[in-house]
1. Mind listing just one residue for me: the one in the stretch 285-295 that is touching a helix residue (DSSP H, G or I) at 6+ places or on another chain (Cβ under 8 Å) and buried (at least 24 other Cβ atoms within 10 Å of the Cβ) and, of those, nearest to residue 325 (Cα to Cα)?
2. Collect the residues in the stretch 24-64 that are of a type in the set (A, V, I, L, M) and crowded, with 17+ Cβ neighbours inside 10 Å, keeping them in residue-number order.
3. Restricting the search to the stretch 337-351, which residues are in contact (Cβ under 8 Å) with a residue 40 or more places away in the chain, touching a strand residue (DSSP E or B) at 6+ places or on another chain (Cβ under 9 Å) and either under 17 Å from residue 226 (Cβ atoms) or in a helix (DSSP H, G or I) (or both)?
4. Checking the condition in contact with an Asp or Glu (Cβ under 6 Å, 6 or more places away or on another chain) and either of a type in the set (Ser, Thr, Tyr) or outside the structural domain of residue 229 (by TED's automatic domain parsing) (or both), which residue from 358, 365 passes?
5. Which one is surrounded by the fewest Cβ atoms within 10 Å (Cβ to Cβ), of the residues in the stretch 174-192 that are more than 17 Å from the chain's Cα centre (by Cα) and in contact (Cβ under 8 Å) with a residue 40 or more places away in the chain?
6. If a residue has to be buried (at least 19 other Cβ atoms within 10 Å of the Cβ), without any contact (Cβ under 8 Å) to a residue 60 or more places away in the chain and not in a strand (DSSP E or B) to count, how many in the stretch 213-238 make the cut?
7. Got a sec? Which of 279, 272, 301 is at negative phi, within 26 Å of the chain's Cα centre (by Cα) and not small (Gly, Ala, Ser)?
8. Might you check whether a residue that is of a type outside the set (Ser, Thr, Tyr), within 24 Å of residue 211 (Cα to Cα) and not in a helix (DSSP H, G or I) occurs anywhere in the stretch 275-292?
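The values are calculated or read from the model by the stated rules, or taken from the named source; none is laboratory data. Quick caveat, the model's predicted, so the values are computed rather than measured. Cβ coordinates were reconstructed from backbone atoms using ideal geometry, including for glycine residues, and neighbour counts include every protein chain displayed.
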Amino acid sequence: MLSDLKRIIDQISRDRGFDKTLLIEAIEEAVQSAARKKFGSRRDMEVRYNEEFGEVEVFQFRIVVEEAEDEQTEISYDEARKLDAEVQIGDELGEKMEDITDLGRIAAQSAKQVIIHRMKDAEREVIYDMFKDRVGEVVSGIVQRFERGNMIVNLGRTDAILPKDQQIPKRSFKQGDRIRAYLKEVRQTSRDSQLILSRTCDEFLGKLFHMEVPEMAEGIVRVMGVAREPGFRAKIAVSSSEGDVDPVGACVGMKGSRVQNVVQELQGERIDIVTWSPDPAKYVYNALAPAHVSMVMADEDANSLLVVVPNDQLSLAIGRQGQNVRLASKLIGWRIDVKSEQRYNNLSDEGYQSLLKLQGVDESLADQLLGKNIFSTAVLAEKSIDDLIVIRAIDEEFAARLIEEAKVNPFVAKEEPQEEIIAETNEPKIESPDAVIGEEDESVVGTVSEDEGTAETGAVEKSDE
């Protein structure tokens, strides 16, 4: 068909990286489709590629009859004898069709579409086979373009997509920038991109440390957990299999060189590196760094931890908008309830507990009553409505009901003053924080005015003032 067809097939197969048999099959299918459009769709045709001569041959098969009435499916006996002297009526005779190079514009366009479609299918299979075993790796590419907020990244052989929701917020890349990302998914069949990338998943941070810390590549230091709020802050827990290797120091590197490379890749995301421990109490002590912890009480059945911190450390333990305790909870996988020493002491006081037993009184309201020197229901019973309505959460009706209920259930306070109880940690004192790397969080201390913070994975609960 074309004198240089063989050379073209070899070159395309070599450049695209797939078996030339796939391209030959595509050409045969395309030529057959074009021939049917040119010569008739009812013809029984067969297309074969002759590799020796580098051409495509088309054969049509027709039934030998006495007199042909349908040229597409029948051939007369006299014509058939010219092609094969031994042919008999009723035989199926194959004949090579000549001059198939001029198939017409429409037929040629149809052949082109078939070839392109088959080549795309073949290329998708090649890409899938190439990347299917690389899921979970960090790949490097160049930002190609942007489509509806999604970033198209060129990986050399093919393009991958970095969806908008997998990009670090408030961090920008320009066309032509080099970027690294975590290969999250490889799709076998897809009209869009087959390769899905991510820069926000927890695994990306762990893989970046694996690339920077030789001790991790050797298996001495291991990543035990990662919790991230992409673009803002992250916590990573590490452990060492050898006693003389400090896992935190290994991740930080000389003058912070190793962790700073990770921070730069994440464009300034603040990273806390903490030591992992099998003991949940000690683990949460490390995870809440840079805040100091006075005492930890663990409820293993409920996977819950009560953490008591000094009064001046509460805001630091909770973090900006609950970020620190929320990341610690996600890292450990336990619910964390953070209380100040003062709040913990109040909860141990019987007078304070008597206030909590009143209908409609929670810890926040009990704290406000305490601030008005109302230490128990006995004191509350002696107050007037005017004394209570100065508190914003209490109106006249609510105040009257509280006073009446307090009179019914008075609490007699002990005359001797109770000694102040300061919770002390059951764990040996541990230097903290292990490591806090990234930009300074200047507004952490004092940004949270609540007296306690409670965090579950992905959530924070705090009492209102």
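1. Looking at residues that are touching a helix residue (DSSP H, G or I) at 6+ places or on another chain (Cβ under 8 Å) and buried (at least 24 other Cβ atoms within 10 Å of the Cβ), I get 288.
2. Taking the stretch 24-64 as the starting set, the residues that turn out to be of a type in the set (A, V, I, L, M) are 24, 26-27, 30-31, 34-35, 45, 47, 56, 58, 63-64.
Passing the criteria: 24, 26, 27, 30, 31, 34, 35, 45, 47, 56, 58, 64.
3. Going residue by residue through the stretch 337-351, those that are in contact (Cβ under 8 Å) with a residue 40 or more places away in the chain are 337-345, 348-351.
If we keep only those that are touching a strand residue (DSSP E or B) at 6+ places or on another chain (Cβ under 9 Å) as well, we get 337-341, 343-344.
If the condition is that a residue be in contact (Cβ under 8 Å) with a residue 40 or more places away in the chain, touching a strand residue (DSSP E or B) at 6+ places or on another chain (Cβ under 9 Å) and either under 17 Å from residue 226 (Cβ atoms) or in a helix (DSSP H, G or I) (or both), then 341, 343, 344 are the ones that fit.
4. Values: 365 fails: in contact with an Asp or Glu (Cβ under 6 Å, 6 or more places away or on another chain).
Step by step, each of 358, 365 is checked, and only 358 is in contact with an Asp or Glu (Cβ under 6 Å, 6 or more places away or on another chain) and either of a type in the set (Ser, Thr, Tyr) or outside the structural domain of residue 229 (by TED's automatic domain parsing) (or both).
5. 189
6. The qualifying residues number 3.
7. Numbers: 279 fails: within 26 Å of the chain's Cα centre (by Cα); 301 fails: within 26 Å of the chain's Cα centre (by Cα).
The unique qualifying residue is 272.
8. Applying the first criterion (of a type outside the set (Ser, Thr, Tyr)) to the stretch 275-292 yields 276, 278-282, 284, 286-292.
Then keep just the ones that are within 24 Å of residue 211 (Cα to Cα); that gives 276, 287.
The next check asks that each one be not in a helix (DSSP H, G or I); those that pass are 276.
Yes: one or more hits.
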